[in-house]
Amino acid sequence: MISVGIFNGYYPYTLEESIKRIKEAGFTSVQLDLSFKDMDLEDPYTLPEKLTVEKAHKIRDAFRKANIQIVAISAYTNLVSPDLEKREKNIAYVKTLLKFARDLGTPYVISETGTYNTESDWVYHEKNSTEEAVREITAVIRDLAEFAHEHNAVFLVENYVNNIIGSVDQVLRLFRDVDHPGLGLLMDPTNFFNGENINDVDHELYRIFNALEDKIKIAHAKDIKLAEDKSEKHAAIDAVESHTFRGAGDVELPAVGLGVLNYDLYLKLLAKKHPNIPIIIEHLDEDDIPRAKEFLDNKLLKVGV
């Protein structure tokens with residue numbers, strides 16, 4: 001059976017209170033955000049100095065005692081920031097989480113690849129489509145995969161259409177160029193959609209899974225719809241930027257059940273090769289969590305996975 005989880009960052013509280021609310025909501029797993037109000041670990045640039053084995057074990061053990069599985073760790077950052085000093089700090093942040101991943105209870109650490117846009121980590125830049133960009137991100141990800149493997153961890157890349165690695169073909173090339181056990185894929189089909197393919201959702205879903213199903217480790221659940229305007233959108237919630245983001249360009253990224261993604265097909269394709277995979281709900285605020293979970297639970301019941 002596919003298990004349903006959530007990013008704990010959508011519960012902006014202390015470690016104890018966040019776990020209490022996650023358990024009350026009926027979730028059995030989380031993607032871990034180190035954003036607890038009582039832990040002082042939210043700033044990615046000070047994390048390498050502040051995260052310790054003792055703090056990692058405190059977090060891990062608190063979720064273990066609640067019987068909530070930590071399935072992956074959020075490390076969302078721009079791996080190709082045009083500001084080279086910032087880029088170096090971003091990569092150090094990801095490596096810190098890879099180093100402590102097992103102490104936090106999972107081998108998996110996730111980030112998108114990034115963009116050369118100087119104003120936003122989520123908006124396209126023309127350099128993203130160049131061969132230079134591909135070579136640069138490939139070198140960064142190869143280094144992260146090797147570092148992860150040295151620490152008994154796995155770096156999971158999450159593609160996104162506005163970043164350097166976005167399309168099926170780009171993901172396939174990355175895995176050919178970085179053929180390494182320290183690299184895996186976070187499956188979020190919504191991240192493949194743009195104005196050209198959103199009108200043929202089922203075809204794109206089959207294409208995604210036919211090409212990439214063997215690389216998937218963890219899955220996400222949000223939705224897609226055509227944008228009314230192409231500006232960058234963020235929700236007004238107490239969360240890090242990766243959780244407030246709701247899309248930029250032709251496609252908006254609302255919560256699960258509020259768009260046009262064919263969830264019956266998505267879940268069938270996901271379960272075919274990954275029948276026990278965790279699927280993590282995102283892109284919502286706390287008030288919408290019960291509706292989103294009910295929608296996904298009902299779809300899983302309907303599909304029988």
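Bear in mind these aren't lab numbers, they're just calculated from the coordinates by the rules spelled out. Please read all numbers here as calculations on a predicted model, not as lab measurements. Counting neighbours? That spans all protein chains shown, and the Cβs are built from the backbone with ideal geometry, glycine included.
Between the C-alpha center of the range 98-140 and that of the range 226-305 there is a gap of 21 Å.
Across the range 103-249, C-alpha contacts under 8 Å between residues 6 or more apart give a mean separation that, scaled by the residue count, equals a relative contact order of 22 percent. Neighbour counts of other Cβ atoms within 10 Å put 39, 1 in the fewest-to-most order 1, 39. Placing unit charges on the Cβ atoms of the charged side chains and taking the dipole of the chain about its Cα centre, the candidate lying farthest along the positive direction among 276, 172, 237 is 276. Rounded to the nearest 20 debye, the dipole magnitude of the range 28-158 is 640 debye, with +1 charges on Lys and Arg beta carbons, -1 on Asp and Glu beta carbons, and the Cα centre as origin.
Phi angles of the range 237-248 translate, via the Karplus equation with coefficients 6.51, -1.76, 1.60 and θ = phi - 60°, into HN-Hα couplings of 10, 7, 7, 5, 4, 5, 9, 8, 4, 10, x, 8 Hz per residue; Gly and Pro are given as x. For the chain, the residue among 104, 36, 187 whose Cα projects farthest onto the positive side of the dipole built from Cβ charges is 104. How much FRET efficiency would the formula 1/(1 + (r/R0)^6) give for residue 61 and residue 139, where r is the Cβ-Cβ distance and R0 is 22 Å, rounded to 0.05? After rounding to 0.05, the efficiency reads 0.05. Approximating the spin labels as points 7 Å out from Cα along Cα→Cβ, the residue 172-to-residue 202 distance works out to 2.2 nm.
With θ taken as phi - 60° and the Karplus curve 6.51 cos²θ - 1.76 cosθ + 1.60 applied, the whole-hertz 3J(HN,Hα) list for the range 102-113 is 5, 5, 8, x, 8, x, 9, 10, 10, 8, 7, 8 Hz, x standing for glycine and proline.
Projecting the Cα positions of 68, 141, 208 onto the charge dipole of the chain (unit charges on Cβ atoms of Lys, Arg, Asp and Glu, taken about the Cα centre) puts 68 furthest along the positive direction.
Taking each of 89/273; 58/299; 215/299; 50/215 in turn, the alpha-carbon distance tops 31 angstrom for 89/273; 58/299; 50/215. Across the range 169-305, the mean sequence separation of Cα contacts (distance under 8 Å, 6 or more residues apart), normalised by length, yields a relative contact order of 25 percent.
Applying the Karplus relation 6.51 cos²θ - 1.76 cosθ + 1.60 with θ = phi - 60° to the range 122-130 yields 3J(HN,Hα) values of 10, 10, 5, 9, 4, 5, 4, 8, 8 Hz, where x marks Gly and Pro. Rounded to the nearest 20, the Cβ-based charge dipole of the chain about its Cα centre (Lys and Arg +1, Asp and Glu -1) stands at 1200 debye. Sequence-distant contacts, meaning Cα pairs under 8 Å at least 6 residues apart, place the relative contact order of the chain at 18 percent. Amide H contacts of residue 245 (H built 1.01 Å from N, in plane; Pro and chain starts excluded): 235 sit under 5 Å, all sequence-distant by 5 or more or on other chains.
Kindly identify the range 3-303 as rounded, prolate or oblate by the Cα gyration tensor criterion: order the square roots of the eigenvalues as a ≥ b ≥ c, call it rounded if a/c is under 1.5, otherwise compare a/b with b/c, prolate if a/b is larger, else oblate. In terms of gyration-tensor shape, rounded.
Per-residue Cβ neighbour counts within 10 Å put 244, 190 in the sequence 244, 190, beginning with the fewest.
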